[in-house]
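The values are calculated or read from the model by the stated rules, or taken from the named source; none is laboratory data. None of these values were measured; they are calculated from a predicted model. Please note: Cβ atoms are built from the backbone with ideal geometry, for glycine as well, and neighbour counts cover all protein chains shown.
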Amino acid sequence: MSWCFPACVLASARSNFDGSGCCFNLLCGTPAMLHNVIREGYGIEGGCVGDIAVTLCCTPCAANRAAQEVKLRGPVRQSMRK
């Protein structure tokens with residue numbers, strides 16, 4: 001799924017991450033922005049330039065990584081309670 005539709009995977013990951021609208025994320029969010037929101041939300045080390053670089057170099061890889069982080073860590077509300 002990440003290989004053929006990385007934008008959809010990132011939009012879905014963000015939706016699962018914070019409950020935001022999947023269609024909104026797909027239509028209004030860039031891959032770098034969606035990746036950045038998930039990375040910063042979990043406190044994963046990195047920066048904006050790195051998010052842009054990883055999504056430009058391999059968007060499917062970034063989408064898969066973001067989706068896996070959300071799958072493993074759960075919604076942001078759960079991770080903040082820990």
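Look through SER12, SER20 and report the one residue that is crowded, with 17+ Cβ neighbours inside 10 Å and of a type in the set (Ser, Thr, Tyr).
So the residue among SER12, SER20 that is crowded, with 17+ Cβ neighbours inside 10 Å and of a type in the set (Ser, Thr, Tyr) is SER12.
Kindly establish whether LEU56 is touching a residue at least 12 places away in the same chain (Cβ under 8 Å) and surrounded by fewer than 14 Cβ atoms within 10 Å (Cβ to Cβ). Criteria met by LEU56. Residues that are closer than 17 Å to GLY74 by Cβ and crowded, with 20+ Cβ neighbours inside 10 Å were ranked within the range 38-53; the one that is nearest to the chain's Cα centre (by Cα) is ILE38.
Before we move on, is SER2 of a type in the set (Gly, Ala, Ser), surrounded by fewer than 20 Cβ atoms within 10 Å (Cβ to Cβ) and in contact with a helix residue (DSSP H, G or I) (Cβ under 6 Å, 6 or more places away or on another chain)?
no
Against the list (1) in a helix (DSSP H, G or I); (2) out of contact with any Lys or Arg (no Cβ under 7 Å at 6 or more places or on another chain); (3) at pLDDT 95 or above, the condition MET80 fails is (3).
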